[in-house]
Amino acid sequence: GGARLKLVTTDTKTVEGQTYRRRIFTVEVPASAQVSGGQIRYLEKSELDKQLRQMVRASGLALRSLEYAKPVEEQQFVKTPVRLKALGRREAISKFLRNLADARLNVRITKILLVPADWQSTVRDRLMTLVVEMDLCQPL
């Protein structure tokens, strides 16, 4: 099976007479998901950090934060949770997500959130905050 989108919450907010609907989705990616075609590139944490920063810049996003949690052993892998937060327009966010998928890195995406940056800049500049949570997976 493929990834499933699940609606978590919905609410509305009115700013300057405009009503906006906010929806938060989670993406469920099956544990059995396979990378189709091409080879996975196994990167170390420092290489991944450099690659993600470069991809954010190339997509036209502004990086807000890039954080790494403590590595954890899981089956034949060591996984390092990574949380990336960036700001930009939807087109730039789409470009970044496409580039991330095309790069075939040794990461497993666990969550993608797209939320208004803040109500004012969303109205004025159509800016969104992208949050991507992923695990860097390295063989033991």
Legend entry - Sole exception among (1) at pLDDT 90 or above; (2) loosely packed, with under 13 Cβ neighbours inside 10 Å; (3) within 16 Å of Pro139 (Cα to Cα) for Gln54, by number: (3)
Inset, instruction - Give just the number: which of (1) under 30 Å from Glu16 (Cβ atoms); (2) in contact (Cβ under 8 Å) with a residue 24 or more places away in the chain does Arg83 not satisfy? - result: (1)
Inset, instruction - Could you grab me the full set of residues in segment 91-116 that are under 13 Å from the mean Cα position of the chain (by Cα) and either of a type in the set (Phe, Trp, Tyr) or farther than 24 Å from Gln39 by Cα (or both)? - result: Ala92, Ile93, Phe96, Leu113, Leu114, Val115
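The values are calculated or read from the model by the stated rules, or taken from the named source; none is laboratory data. Bear in mind the structure is a predicted one, so any value in this text is a computation, not a measurement. Cβ coordinates were reconstructed from backbone atoms using ideal geometry, including for glycine residues, and neighbour counts include every protein chain displayed.
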